[in-house]
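The values are calculated or read from the model by the stated rules, or taken from the named source; none is laboratory data. All values reported here derive from a predicted model rather than from experimental measurement. Counting neighbours? That spans all protein chains shown, and the Cβs are built from the backbone with ideal geometry, glycine included.
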Amino acid sequence: MANRYALRMEHPHSWTVFDVFTGQPVELKHQVMVGMDTRDADAMVDRLNSRDVKRRAKADRKP
């Protein structure tokens with residue numbers, strides 16, 4: 001299963017978390033995930049992909 005979220009470097013030490021399927025930056029709680037430092041952006045991608053895998057697995061189990 002492909003990861004839905006990934007990182008894109010905008011400037012040195014400035015990352016955007018984006019949706020691979022749409023190409024758009026992720027927005028959470030009215031905040032766009034741009035201009036993030038490496039550690040925070042990487043952690044966010046891991047959390048979002050983990051949540052997405054669980055959501056897809058749950059959807060696959062429904063009749």
How many residues, within region 1-25, are of a type in the set (S, T, N, Q), part of a loop (DSSP other than H, G, I, E, B) and in contact with a helix residue (DSSP H, G or I) (Cβ under 9 Å, 6 or more places away or on another chain)? 1
Taking the stated definitions as given, is residue 51 out of contact with any Leu (no Cβ under 6 Å at 6 or more places or on another chain), assigned to a helix (DSSP H, G or I), basic (Lys, Arg) and at pLDDT 95 or above? yes
Can you tell me which residue within region 27-48, out of those that are in a loop (DSSP other than H, G, I, E, B) and either in contact with a strand residue (DSSP E or B) (Cβ under 9 Å, 6 or more places away or on another chain) or touching a residue at least 60 places away in the same chain (Cβ under 8 Å) (or both), is surrounded by the most Cβ atoms within 10 Å (Cβ to Cβ)? 33
In this structure, is residue 57 of a type in the set (A, V, I, L, M), exposed (fewer than 15 other Cβ atoms within 10 Å of the Cβ), assigned to a helix (DSSP H, G or I) and modelled with pLDDT of 95 or more? no
